[in-house]
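Just below is one structure, and these are the notes that go with it.
The values are calculated or read from the model by the stated rules, or taken from the named source; none is laboratory data. No experiment lies behind these values; they were computed from the predicted model shown. When we count neighbours, we look across all protein chains shown, and the Cβ atoms used for this are built from the backbone with ideal geometry, even at glycine. In case anyone asks, the SASA skips ligands and DNA or RNA and just uses the protein heavy atoms, side chains included. Shrake-Rupley method; radii C 1.70, N 1.55, O 1.52, S 1.80 Å.
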Amino acid sequence: MKNLEQDKLEKLLEIIPSSPALRIAHFSESGEMMTEILSNFCQKREYEYQINCTDSSFFDAISNKFKDTKEVKPVKFTLERPRYMIQGKMYEYLFVTMAIKEEMRSDFLKKAHGIIKNAGNILIFLPKGSYEERYHWIELLEEHYYVASNTIDDLFENYDVLISKKMHGWGG
């Protein structure tokens, strides 16, 4: 993942309300700066932050960094696992900063749906200006019971952020 502008990421995090005991999950294969900003945000507000690391060297680096931090939990993760639910936890926000192969996206959204609370949000970081990829994701999100999809395309230099809400009361 290319570096994000810290001030702009902090601005994006303003969409997260100051509510007690929120949980944030993050699917990532790289990007220590983003995990650091998210972890600082979660530690200040006493939110739980789980980093699902799909790259083993990234997991090793992150595990070492956050070994003494109770709010941050790095997990070695593979997208091929049958379910994404870990210890029955559900998350209000799910950040996706890793590239997901086109043939895996539908399966990913189906499994991710099960770990997002009703009316929770998924935020998918896409390469800047990748309109075809954006529309493909939006179609898949709708197929898998996500609604109110919107794109923030003027915040980051290298990324557009696709935000969608889990439709509550519907789907698998």
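Of the listed requirements (1) open to solvent by 20 Å² or more (accessible area, probe 1.4 Å); (2) within 16 Å of residue 96 (Cα to Cα), residue 77 misses just one: (1). Can we say residue 19 is among the polar types (S, T, N, Q) and surrounded by 15 or more Cβ atoms within 10 Å (Cβ to Cβ)? No, not satisfied.
Without any contact (Cβ under 8 Å) to a residue 40 or more places away in the chain, polar (S, T, N, Q) and buried (at least 18 other Cβ atoms within 10 Å of the Cβ), is that true of residue 28? Steps first, please.
Details: without any contact (Cβ under 8 Å) to a residue 40 or more places away in the chain: no; polar (S, T, N, Q): yes; buried (at least 18 other Cβ atoms within 10 Å of the Cβ): yes.
Here the answer is no, as residue 28 does not meet what is asked.
Within the stretch 55-63, at least one residue is of a type outside the set (A, V, I, L, M, F, W, C), open to solvent by 70 Å² or more (accessible area, probe 1.4 Å) and either touching a helix residue (DSSP H, G or I) at 6+ places or on another chain (Cβ under 8 Å) or more than 22 Å from residue 121 (Cβ to Cβ) (or both).
Determine whether the stretch 23-31 contains at least one residue that is touching an Asp or Glu at 6+ places or on another chain (Cβ under 6 Å), closer than 23 Å to residue 124 by Cβ, not β-branched (Val, Ile, Thr) and not in a loop (DSSP other than H, G, I, E, B).
Residues of the stretch 23-31 touching an Asp or Glu at 6+ places or on another chain (Cβ under 6 Å): 23, 29.
Next, from what is left, pick out any that are closer than 23 Å to residue 124 by Cβ: 23, 29.
Filter once more, keeping what is not β-branched (Val, Ile, Thr): 23, 29.
This time we only want the ones that are not in a loop (DSSP other than H, G, I, E, B), so: 23.
Yes: the stretch 23-31 contains one or more residues that are touching an Asp or Glu at 6+ places or on another chain (Cβ under 6 Å), closer than 23 Å to residue 124 by Cβ, not β-branched (Val, Ile, Thr) and not in a loop (DSSP other than H, G, I, E, B).
Cβ separations smaller than 9 Å between residues 6+ apart or across chains give the following pairs from the stretch 46-59 residues that are part of a strand (DSSP E or B) to residues that are open to solvent by less than 50 Å² (accessible area, probe 1.4 Å) and of a type in the set (Lys, Arg): 48/89; 50/89.
Of all residues in the stretch 1-23, those satisfying the criterion of being closer than 19 Å to residue 99 by Cα and within 14 Å of the chain's Cα centre (by Cα) are 1, 9.
Scan the stretch 92-105 and give yes if some residue there is over 19 Å from residue 161 (Cβ atoms) and among the small types (Gly, Ala, Ser), otherwise no. No, that holds for no residue.
Residues in the stretch 113-124 that are out of contact with any helix residue (DSSP H, G or I) (no Cβ under 9 Å at 6 or more places or on another chain), surrounded by 18 or more Cβ atoms within 10 Å (Cβ to Cβ) and part of a strand (DSSP E or B): how many? Let's see the steps before the verdict.
The first filter runs over the stretch 113-124 and keeps only residues out of contact with any helix residue (DSSP H, G or I) (no Cβ under 9 Å at 6 or more places or on another chain), leaving 113-120.
If we keep only those that are surrounded by 18 or more Cβ atoms within 10 Å (Cβ to Cβ) too, we end up with 113, 115-116, 120.
Retained after the next criterion (residues that are part of a strand (DSSP E or B)): 116, 120.
The total comes to 2.
Name the residue, out of 103, 36, that is modelled with pLDDT under 95 and open to solvent by 20 Å² or more (accessible area, probe 1.4 Å). Reasoning before the result, please.
Working: 103 fails: modelled with pLDDT under 95.
Result: 36 is the single residue among 103, 36 that is modelled with pLDDT under 95 and open to solvent by 20 Å² or more (accessible area, probe 1.4 Å).
The residue of the stretch 132-161 that is farthest from residue 111 (Cα to Cα), among those that are surrounded by 13 or more Cβ atoms within 10 Å (Cβ to Cβ) and polar (S, T, N, Q), is 158. One residue alone among 129, 88 is open to solvent by 20 Å² or more (accessible area, probe 1.4 Å) and either modelled with pLDDT of 95 or more or more than 24 Å from residue 34 (Cα to Cα) (or both), and that residue is 88.
Is it the case, given these coordinates, that residue 110 is open to solvent by 40 Å² or more (accessible area, probe 1.4 Å), out of contact with any Ser or Thr (no Cβ under 8 Å at 6 or more places or on another chain), closer than 21 Å to residue 159 by Cα and charged (D, E, K, R)? No: the conditions fail for residue 110.
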